[in-house]
Structures are given as C-alpha cells and as structure tokens.
Amino acid sequence: MMESINKIIGWMPALIQSTGVTLALSVTSVAAALVFAVFLALGKISRNAVISKICGGYIFFFRGTPLLMQLFFIYYTMPQLVPALNIQSRFFAAWLAFTLNVAAYLAEIIRAAIQSIDKGQMEAARALGLTRSQAMRLVIIPQAYRRMIPPICNEFVMVLKDTSLVSIIALTDLTYQTKIIASNKASALVYIPAMLIYLVITGVFTFIFNRLEKKLSIYE
Amino acid sequence: MSIIKTENVCKSFGTVEVLKNINLTVEPGEVVVIIGPSGAGKSTYLRSLNRLEKNTSGKIWIDDILMEDRVNGKNLVKMNSKERAEILLEMGMVFQRFNLFPHKTALQNVMLAPMNVKGVSEKDARAKATELLERVGLGDKLDSYPSKLSGGQQQRVAIARALAMDPKIMLFDEPTSALDPELVGDVLNVMKQLAEDGMTMLVVTHEMGFAREVADRVIFMYDGVILEEGAPEEIFTNPKHERTRQFLQSVL
C-alpha cells in the first residue's frame, strides 16, 4: 500500500504538468468558441436568410460529425488537401478542432437562451423606440446570460473530459501522459490520480459556475 | 387635424380576418376606449398602430403623417427608418403583461429608453424617472426590481416608463386584465389622472366603469369591425346594436 502511494506521488509532477495542457486547451478553446458562438447564434436567428442558412449549416456539420474525426481531419487530412495548411503544432491543431466544434454546441445554447426570453420583452423595447440591435444588447441578451450559465457549464465540463481525445494525435495532455506512465512503468495504478485530477478540476469549475449563476440572478 | 387616423385597416392571420376595414379618427386630447368581446380584434388594432403587428392593407396617419399605406401586406410609404422611428416615438404603449425588464430596477426601467434612444444624460434621465415614478405613487420603490413589486405597481412602472419618452399618445392594451381586483384601482387612477392632464389615450379594456367615467368616446368592436361608437352615456344606456346590448349585459 505504502509502496503504491509512493509510486503515485512520484508520478505527480509529470501528471500535473500535463494537466496544464488539458486545462489550457479546454479553457482557451471554450473561451474562443464562446466568442465565435455569439456570432453564430445571432447569425442563425438573423432575419437574413443567407446568413441564417450558413450559420445553420455550420452548426449542423460540426454537431453531426464526430469530434475525433474533426480532429483527424484538421491534423491529417487538411495538410494532404492543401499543403499550406499543414499545422505543425499539435496543440494548435487540437485547439482549432475543439474551438470549431464547441462553438457549434455553444451557439445552440446561446440561441435557445435568447429565444427563451419572453416575446413581450422585445415588443416593449421596440415600443419604447429601441432598435432591434439595441433591444438585443440591452434587454434580451442580459436576461439570456443567466439561462446560458448552466448549459455552458455542462458543455465546459464535457469539453474538459473530451480533451482526452487529443492523445490520439500524441499531444501530451493528462490522458496521454497517464497512458505513457502506465505503459512505461507497467502500472495501471496511475489511472487513479489521473481521474482524481479530472474530478478536482471539474469540481472547481462547477463551483465557480454555480457562484456566477447565483450572482447573476439577484433580480429574481 | 387628427392625431391618429386609420382608413380601411385590414389584417388577416392566414385565412382568418381579424380586422375588417377599420376606420377611426382620434383627435388630440381625446380619450377613446375600445370595448368588445375577446377575439374582436381590439388588441390587434392597437398593436397595428405602432407596428407591433403588420397590417394586410389600409392606411395609417399618425399626427397627420401618412405612415402606412399597405396593399397585400406591403407598405407603399417610403420613409427612412429614422423618420419612422421618430413618429413611432409619439406613441407610448402599456401592455397587459407589463413587460417590464426584469433585470433592471424600476428606475432603470424608466431611464433605459430616454438614455439610449434620445441620448438624455444619466443625470437628467434619473431626475425625470424619479419624478415620473413619484407621480405614479412609487417614489419609495425606485430601486426595486420588478419581481419585488405587485402587479399593480409593475403596471404603474410600465406607465412611467412609457411616459418617460414624452409621447403624445398613450396606447393601453388591457392594462388591468392581468391584475388582482384590489390592485386595479391604483392603475386606473393613474390613467384617469393622465386623461385629466390632457393626454391622448386609446384604451382597450374591460373596465366599464373606467370607460363610462373617463372616455370621451367608446368604440364597440365585434368580429373585426367597429360595430358602434359614441359617447359613453349613449353606448351604455342606449346601445343601438343588438350585439352591443348582449355584450354589455354580459359584462355589467
């Protein structure tokens, strides 16, 4: 028992280092995806049919194909099609795949939250002379924020775990590092601290999001 | 010189005609109350005046300016959006369900449009909002969120919010229908005060007492047409139309 614990402690520096990659990948790709998703969502509910179709098509594609394949596509297929698009950095390839994919899911969350706001809010804003975009910015979206938090939190936790897929292109995230240790040291014990690390991170983020949700609901 | 004039306004939802050739003229300062059974097209008509509904055909003048001349749903009046927005600002609207902005306090609800539409400074907007909220009897609720206010208080905030844009016309779409009976009086009193101050008002309501006391003219709508109109005394004591009589019997 003691021996096992000592082994695990010995692996911790490498595990924690690779956790940095997992965290950096999830946080930066979700952050970028969030910005992109706002445009996608507004595009999809736009009254301009062309913009709406393009955004809808994008969302359909990225939600309708496996993330793993999208990752392969960006890292392997794209360079073969267009040599100029050869992405050297594994991290960047993974980041791009996650950003593009997660944006599609977040866009649907944002769209649903915006459309869940009572129609009377837009009517009242318009009757007061606000333009459609002012009404969106000042009235609809601030109310939609709070409704977005729980599903976005959910999505973020999923992404955090899904980043383990990047081990497939040999990016040294927590999962890949764990597998390396497991095969080099011939010990499956390493999965225990690895899973605990995932659990701690998702726990911390869930806590933060809950606080945020409470803070934004003061008016209810 | 009329402040609102509509000519042959028609509106269909699919094959259902909800407004059939509505002709109405409202003079400045007049209080016109529209009554009638539900489904008569009262709210639709009111909402079509400030373009919350798009008519199928007909003409609408606001303050003697032709705003709409629709044929098959298409507006033939060419007007840039700024001009149109300015005319629409002459009308304030109060909704059945209040539609206050729940993420803003009473004060912020009233300040929002003046600051963002008219570019009024925050200081001036606050002063005016405070004054208006005091006028509707809510001077002690400035910083309350709508969820902390009763229905009657919310509706009075909504009235103050509409008044903050200095409209020449106030449209009321069943302003007391969603209220508990004991809260109706406060809202009606504010409206009565407004009428006494000379505001032009178009009110869709089921409050016959209010219609009788405050209206200059009562319109009875039935099945998408104006069946009868006249002074309140006339309509209430001596309705000409059988439908009007039936309706009044059922509500009085």
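The values are calculated or read from the model by the stated rules, or taken from the named source; none is laboratory data. A quick note: this is a predicted structure, and the numbers were derived from the prediction, not measured. All Cβ positions, even for glycine, are placed from backbone atoms using ideal geometry, and neighbour counts span all protein chains on display. Side chains included, ligands, DNA and RNA excluded: accessible areas come from the protein's heavy atoms. Shrake-Rupley method; radii C 1.70, N 1.55, O 1.52, S 1.80 Å.
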Legend entry - Verdict on B:K20 being open to solvent by 10 Å² or more (accessible area, probe 1.4 Å), in contact with a helix residue (DSSP H, G or I) (Cβ under 7 Å, 6 or more places away or on another chain) and more than 21 Å from B:M170 (Cα to Cα): no
Legend entry - Options A:I51, A:I110; residue that is part of a helix (DSSP H, G or I), more than 28 Å from A:G20 (Cα to Cα) and touching a residue at least 40 places away in the same chain (Cβ under 8 Å): A:I110
Legend entry - Selected residue [within 14 Å of chain B (Cβ to nearest Cβ) and open to solvent by less than 40 Å² (accessible area, probe 1.4 Å)] from A:Q177, A:Q143: A:Q143
Inset, instruction - Please list, ordered by first then second residue, the pairs with beta carbon atoms under 6 Å, 6 or more apart or interchain, first in region B:92-108 and β-branched (V, I, T), second assigned to a strand (DSSP E or B). - result: B:V94/B:F172
Inset, instruction - Consider B:R47 carefully, then state whether it is part of a loop (DSSP other than H, G, I, E, B) and crowded, with 17+ Cβ neighbours inside 10 Å. - result: no
Legend entry - Check on A:V21, open to solvent by less than 70 Å² (accessible area, probe 1.4 Å), touching an Asp or Glu at 6+ places or on another chain (Cβ under 9 Å), part of a helix (DSSP H, G or I) and closer than 22 Å to A:I180 by Cβ: yes
Inset, instruction - Confirm whether A:L189 is away from every other protein chain (no Cβ under 14 Å), over 27 Å from A:S89 (Cβ atoms), free of Cβ contacts under 8 Å to residues at least 12 places away in the same chain and assigned to a helix (DSSP H, G or I). - result: no
Inset, instruction - Could you pull out the residue among B:V225, B:V204 that is surrounded by fewer than 19 Cβ atoms within 10 Å (Cβ to Cβ), modelled with pLDDT of 95 or more and under 27 Å from B:K5 (Cα atoms)? - result: B:V225
Inset, instruction - Check B:V218, B:V187 and return the single one that is crowded, with 20+ Cβ neighbours inside 10 Å, modelled with pLDDT of 95 or more and in contact with a strand residue (DSSP E or B) (Cβ under 8 Å, 6 or more places away or on another chain). - result: B:V218
Legend entry - Unique residue being surrounded by 15 or more Cβ atoms within 10 Å (Cβ to Cβ) and of a type in the set (K, R) when the list is A:R132, A:R90: A:R90
Inset, instruction - Could you tell me whether region A:147-161 includes any residue that is surrounded by fewer than 18 Cβ atoms within 10 Å (Cβ to Cβ) and under 30 Å from B:N109 (Cα atoms)? - result: yes
Inset, instruction - State which residue is nearest to the other protein chains (Cβ to nearest Cβ) when the search covers only region B:64-88 and only residues that are open to solvent by less than 30 Å² (accessible area, probe 1.4 Å) and more than 13 Å from B:V9 (Cα to Cα). - result: B:I87
Legend entry - Yes/no for B:K123 being open to solvent by 60 Å² or more (accessible area, probe 1.4 Å) and free of Cβ contacts under 8 Å to residues at least 12 places away in the same chain: yes
Legend entry - Out of A:M69, A:M78, sole residue that is exposed (fewer than 13 other Cβ atoms within 10 Å of the Cβ), among the hydrophobic types (A, V, I, L, M, F, W, C) and either assigned to a helix (DSSP H, G or I) or within 14 Å of chain B (Cβ to nearest Cβ) (or both): A:M69
Legend entry - Qualifying positions in region A:116-140 - among the aliphatic types (A, V, I, L, M) and either at the interface with another protein chain (Cβ under 10 Å from one of its Cβ atoms) or in contact with a Cys (Cβ under 6 Å, 6 or more places away or on another chain) (or both): A:I117, A:M122, A:A124, A:A125, A:A127, A:L128, A:L130, A:A135, A:L138, A:V139, A:I140
Legend entry - Candidate set from region B:145-165 (those that are open to solvent by 30 Å² or more (accessible area, probe 1.4 Å) and within 14 Å of another protein chain (Cβ to nearest Cβ)); member that is nearest to the chain's Cα centre (by Cα): B:Q154
Legend entry - region B:131-140: number of residues that are open to solvent by 60 Å² or more (accessible area, probe 1.4 Å) and within 14 Å of chain A (Cβ to nearest Cβ): 0
Inset, instruction - Answer yes or no as to whether A:I208 is within 18 Å of A:N154 (Cβ to Cβ), assigned to a helix (DSSP H, G or I) and either within 14 Å of chain B (Cβ to nearest Cβ) or of a type outside the set (S, T, Y) (or both). - result: yes
Legend entry - Breaking point among (1) over 15 Å from the mean Cα position of the chain (by Cα); (2) surrounded by fewer than 20 Cβ atoms within 10 Å (Cβ to Cβ); (3) more than 30 Å from A:K214 (Cβ to Cβ), for B:Q108: (3)
Legend entry - Identity of the residue in region B:191-201, surrounded by 19 or more Cβ atoms within 10 Å (Cβ to Cβ) and of a type outside the set (G, A, S), that ends up nearest to B:R47 (Cα to Cα): B:M201
